[in-house]
Amino acid sequence: MIFQKEIETMPRNQIEEIQLERLKWVVRYCYENVPFYHKKLTDAGVFDGSRIKTLSDIAYIPFTTKDDFRDNYPFGLTAVPMSEIVRIHASSGTTGKPTTGVYTREDLAIWSDCVARVAAAGGVTPNDIIQISFGYGLFTGALGLHYGLEKLGATVIPASSGNTEKQLMMLRDWGVTGLVATPSYALYLSEAVKEAGYPMSDYSLKLGILGSEPCTPAMRQQIEENFCIRVSDNYGMTELGGPGVSGDCKARDGMHFAEDHFLPEIINTDTGERLSENEVGELVITTLTRRGMPVLRYRTKDITKITYEPCACGRTHARMSKTMGRTDDMLIIKGVNVFPTQIENILINIEDVAPHYMLYITRKNYRDNLEIKVELVNADLLENFQMLEELQRHIEGKMQSILGLRTKVTLVAPKTIERFQGKAKRIVDMRNA
Ligand code: DLL
């Protein structure tokens, strides 16, 4: 099902016409209504946007960064009086103040459309009963999916996260056909379902609508096998309004942007230069219709690539590949660049270990050390020292050959590594401690 078929399958030249018109609008809108942008655009000689004649003229506009959000905390980037704001969300953030996002009534309506699009693209129909197991609160994920799914006409259960027994009870008793969660939490629940001992035929579950953190293909496979479901991925962020920026369709060959609302670019992280289709770099997004908090050329820090090729599903909007990680998540250990997702991909393909791990980085005598703590599937192995040592060496060998990095692997008993109900936090970097 395509939620807004006419828009989502529109010819490329029409999409670009709409984008150009809206880009001109949003530049003028920011210039006139947000002092921060007024100054930034003036300094760059872009002023009210009359310099924007083609889409590639976007290159004249300076980037917006996470620091700009911090410096203008909480509402400095707002373009309308607070009386027009009807909702505030925020990202939890790991340090310091959260990043805020504000919405006018119109922003909320567009947001719901965008989320309904990604939900429909992921296979949801009005006949589905969807359990939302994202944490409700300031996080954009839960309420974003909530209103988008309602707009689509699905039945929504605002379960929130936590209380595993109750989650499973609802999944079983209420005929739930779709689960919304982070991949980490979906994986955790799928293991709990297996342990609860009821066969999957006792459940009606068939879809997982996951997002908010990377889901490697291997992790996806594990969730799909445990739950006997099909999973789709969707992407977004607080600074851009939350989920609904892009999402998987049935082809699962890249996540379709809502290109009439978001203008994506890929840049070289170091130079800021715009890259071409299929070149890997940092995703930069300009909101084309947001009124409460419009954003020009936001540097997402997410590493991906974009394709404009038409998709088998019929949608014409550009697609982004699964993110390789965030520029600020990339670990540099002994001079080697490593993304946690690369480590996860290696671990998940090794039998006898579970996809639960932690990375500890320390520095001793000016040398970095990476310890990977990973859970065994079967506790019996702990009794067999020789097999344990072989497995450990096998994993260390894989890390060395694939990442080019010597690591220390520690195998621990099943169920001893922390489980995450929201986004997983698997890195403990003690180098500057
Ligand atoms: O995670 C918004 C969201 C909610 C998206 C629900 C999808 C579903 P933040 O908490 O601000 O917003 O985190 C944004 O999370 O820059 C990415 O690094 C990461 N992220 C989000 N979705 C994905 C995804 C929400 N599908 C940050 N794959 C982003 C990989 C993702 N990373």
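The values are calculated or read from the model by the stated rules, or taken from the named source; none is laboratory data. Source: prediction; values computed, not measured. A quick note on method: Cβ atoms are made from the backbone with ideal geometry, for glycine too, and the neighbour counts reach across all protein chains shown. We work out accessible area using only protein heavy atoms, side chains counted, and drop any ligands, DNA or RNA first. Shrake-Rupley method; radii C 1.70, N 1.55, O 1.52, S 1.80 Å.
State which residue pairs qualify: first residue within 18 Å of residue 387 (Cα to Cα) and inside the stretch 349-375, second residue among the acidic types (Asp, Glu) in any location, beta carbons under 7 Å apart, and separation of 6 or more residues or different chains.
353/375; 354/375
Give me the pairs: first residue in the stretch 115-143 and modelled with pLDDT of 95 or more and of a type outside the set (A, V, I, L, M), second residue within 11 Å of the ligand (Cβ to nearest atom) and in a helix (DSSP H, G or I), beta-carbon distance under 6 Å, and six or more apart or on different chains, which are they?
134/141; 134/142; 136/142; 140/238
Just checking, which of 145, 149, 171 is touching a Leu at 6+ places or on another chain (Cβ under 8 Å), open to solvent by less than 10 Å² (accessible area, probe 1.4 Å) and either assigned to a helix (DSSP H, G or I) or more than 14 Å from the ligand (Cβ to nearest atom) (or both)?
Numbers: 145 fails: touching a Leu at 6+ places or on another chain (Cβ under 8 Å); 149 fails: touching a Leu at 6+ places or on another chain (Cβ under 8 Å).
From the options 145, 149, 171, the qualifying one is 171.
For residues that are closer than 21 Å to residue 276 by Cβ and open to solvent by 20 Å² or more (accessible area, probe 1.4 Å), tally how many sit in the stretch 290-302.
Quick first cut of the stretch 290-302, residues closer than 21 Å to residue 276 by Cβ only: 297-302.
Checking which are open to solvent by 20 Å² or more (accessible area, probe 1.4 Å) leaves us with 299, 301.
Adding up the residues that qualify gives 2.
If you check residue 249 against the conditions, is it touching a residue at least 12 places away in the same chain (Cβ under 8 Å) and either open to solvent by 10 Å² or more (accessible area, probe 1.4 Å) or of a type in the set (A, V, I, L, M) (or both)?
Numbers: touching a residue at least 12 places away in the same chain (Cβ under 8 Å): yes; either open to solvent by 10 Å² or more (accessible area, probe 1.4 Å) or of a type in the set (A, V, I, L, M) (or both): no.
So residue 249 fails the test.
Pairs, please: C-beta under 7 Å, at least 6 apart or cross-chain, first residue aromatic (Phe, Trp, Tyr) and in the stretch 190-219, second open to solvent by less than 60 Å² (accessible area, probe 1.4 Å) and more than 16 Å from the ligand (Cβ to nearest atom)?
198/172; 203/171; 203/172
Of all residues in the stretch 328-352, which are within 16 Å of the ligand (Cβ to nearest atom), open to solvent by 60 Å² or more (accessible area, probe 1.4 Å) and outside any loop (DSSP other than H, G, I, E, B)?
Answer for the stretch 328-352, where residues must be within 16 Å of the ligand (Cβ to nearest atom), open to solvent by 60 Å² or more (accessible area, probe 1.4 Å) and outside any loop (DSSP other than H, G, I, E, B): just 342.
Output the residues belonging to the stretch 253-271 that are in contact (Cβ under 8 Å) with a residue 12 or more places away in the chain and out of contact with any helix residue (DSSP H, G or I) (no Cβ under 9 Å at 6 or more places or on another chain). If you could, list the steps in order and put the result at the bottom.
Initially, the stretch 253-271 is screened for residues in contact (Cβ under 8 Å) with a residue 12 or more places away in the chain, giving 253-269.
Those that are in contact (Cβ under 8 Å) with a residue 12 or more places away in the chain and out of contact with any helix residue (DSSP H, G or I) (no Cβ under 9 Å at 6 or more places or on another chain): 253, 254, 257, 264, 266, 267, 268, 269.
Out of the stretch 290-327, which residues are touching a Pro at 6+ places or on another chain (Cβ under 7 Å), of a type in the set (S, T, N, Q) and within 16 Å of the ligand (Cβ to nearest atom)?
Listed by number, the list holds a single entry, 323.
So that you can scan it fast, the table gives a plain yes or no per residue for (1) over 30 Å from residue 256 (Cα atoms); (2) of a type in the set (Ser, Thr, Tyr); (3) under 25 Å from the mean Cα position of the chain (by Cα):
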| residue | (1), (2), (3) |
| --- | --- |
| 317 | no, no, yes |
| 326 | no, no, yes |
| 363 | yes, no, no |
| 381 | yes, no, no |
| 387 | yes, no, no |
| 390 | yes, no, no |
| 416 | yes, yes, no |
| 425 | no, no, yes |
| 428 | yes, no, yes |
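Taking into account only those residues within the stretch 147-206 that are of a type in the set (S, T, N, Q) and more than 23 Å from residue 354 (Cβ to Cβ), which is nearest to the chain's Cα centre (by Cα)? Steps first, answer last, please.
Step one: list which residues in the stretch 147-206 are of a type in the set (S, T, N, Q), which gives 155, 160-161, 163-164, 167, 177, 182, 184, 190, 201, 204.
In the following step, the residues that additionally are more than 23 Å from residue 354 (Cβ to Cβ) were identified as 155, 160, 177, 201, 204.
On the way: 155: 24, 160: 18, 177: 22, 201: 30, 204: 26 Å.
The qualifying residue nearest to the chain's Cα centre (by Cα) is 160.
Go through (1) open to solvent by less than 20 Å² (accessible area, probe 1.4 Å); (2) not in a helix (DSSP H, G or I) and name the single condition residue 136 misses.
In the conditions (1) open to solvent by less than 20 Å² (accessible area, probe 1.4 Å); (2) not in a helix (DSSP H, G or I), residue 136 misses (1) alone.
Taking only pairs six or more apart or across chains, which ones have beta-carbon atoms under 8 Å, a first residue in the stretch 170-181 that is at pLDDT 95 or above, and a second residue that is of a type in the set (D, E, K, R) and assigned to a helix (DSSP H, G or I)?
From residues that are at pLDDT 95 or above, the pairs are 172/202.
Tell me the residue from 312, 318 that is at pLDDT 95 or above and open to solvent by 40 Å² or more (accessible area, probe 1.4 Å), please. So that I can check it myself, show each step before the final result.
On the way: 318 fails: open to solvent by 40 Å² or more (accessible area, probe 1.4 Å).
That would be 312, the only listed residue that is at pLDDT 95 or above and open to solvent by 40 Å² or more (accessible area, probe 1.4 Å).
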